[in-house]
Amino acid sequence: MKRRITRVTTRHGDSGRTSLADGSNVAKTDPIIEAIGSVDELNSFVGTLVIELDDAGEAHDLCVDIQQQLFDLGAHLATLGQTPAPDPAPLEAHIARLNATLPPLREFVLPGGTRAAAAAHVCRSVCRRAERVMWAAGDSGSEPARYLNRLSDLFFVLARCFNAGQDEPQWRGSQGQSSDIAE
């Protein structure tokens with residue numbers, strides 16, 4: 001039987017230390033704890049994106065699945081790799097399929113547009129930070145970082161999908177002019 005949390009306030013962390021899933025005790029400033037926290041923060045932002053989406057829509061279901069995968073990623077970190085990390089390959093398939101429905105990029109895209117697109121851009125940027133923190137934590141395998149790299153790409157494509165059919169916010173450059181992206 002799995003051990004579940006029965007008490008929220010344990011006072012174990014009051015000394016600046018915490019336990020990983022394997023029982024090892026580490027400082028709350030340990031890079032692995034920072035990585036776990038960054039993935040947890042990302043999962044919270046994905047939750048805010050989920051509430052912006054139609055409950056019956058494909059994007060909603062995809063983001064709910066991503067929340068489960070992010071929890072799996074946190075377990076991978078908390079068990080020091082004893083739990084498998086999520087596979088980035090399915091994300092690549094979603095990215096390719098969704099991106100094929102979008103017009104080609106001509107400008108750098110700014111975060112914004114619809115509420116769902118703005119939330120997806122927040123997820124994208126928090127995901128990029130979580131990836132950097134993961135590398136800094138020294139995770140010996142590249143699969144977790146690859147997963148986060150692909151996930152941030154997926155959030156970018158989702159944001160573009162959520163803005164489809166309207167003017168997508170784009171960078172105008174420092175002189176207020178468009179800056180065509182090289183094809």
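Structure data summary
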item	result
Residue match in region 143-152 (condition: open to solvent by 30 Å² or more (accessible area, probe 1.4 Å), within 30 Å of residue 23 (Cβ to Cβ) and free of Cβ contacts under 8 Å to residues at least 60 places away in the same chain)	yes
Unique match (being within 30 Å of residue 18 (Cβ to Cβ) and either in contact with a Ser or Thr (Cβ under 8 Å, 6 or more places away or on another chain) or among the β-branched types (Val, Ile, Thr) (or both)) among 119, 85	119
Test: residue 111 is surrounded by fewer than 17 Cβ atoms within 10 Å (Cβ to Cβ) and either within 14 Å of residue 145 (Cα to Cα) or touching an Asp or Glu at 6+ places or on another chain (Cβ under 8 Å) (or both)	no
Residue in region 45-52 that is outside any strand (DSSP E or B), in contact (Cβ under 8 Å) with a residue 40 or more places away in the chain and among the polar types (S, T, N, Q) present	yes
Pick from region 25-66, criterion in contact with a strand residue (DSSP E or B) (Cβ under 9 Å, 6 or more places away or on another chain) and open to solvent by 60 Å² or more (accessible area, probe 1.4 Å), ranking: nearest to residue 118 (Cα to Cα)	28
Residue match in region 74-82 (condition: outside any helix (DSSP H, G or I), of a type in the set (Val, Ile, Thr) and in contact (Cβ under 8 Å) with a residue 24 or more places away in the chain)	yes
Candidates 120, 130, 93, filtered to the one that is outside any loop (DSSP other than H, G, I, E, B), out of contact with any strand residue (DSSP E or B) (no Cβ under 7 Å at 6 or more places or on another chain) and exposed (fewer than 14 other Cβ atoms within 10 Å of the Cβ)	93
Enumeration of residues in region 96-117 that are in a loop (DSSP other than H, G, I, E, B) and either of a type outside the set (Ser, Thr, Tyr) or under 17 Å from the mean Cα position of the chain (by Cα) (or both)	100, 102, 103, 104, 105, 106, 107, 108, 110, 111, 112, 113
Filter result for residue 22 (open to solvent by 80 Å² or more (accessible area, probe 1.4 Å) and touching a His at 6+ places or on another chain (Cβ under 7 Å))	no
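The values are calculated or read from the model by the stated rules, or taken from the named source; none is laboratory data. Remember, predicted model here, so these are calculated numbers, not experimental data. Backbone-built Cβ (ideal geometry, glycine too); neighbour counts: all protein chains shown. These accessible areas exclude ligands, DNA and RNA; they are computed on the full protein's heavy atoms, side chains included. Shrake-Rupley method; radii C 1.70, N 1.55, O 1.52, S 1.80 Å.
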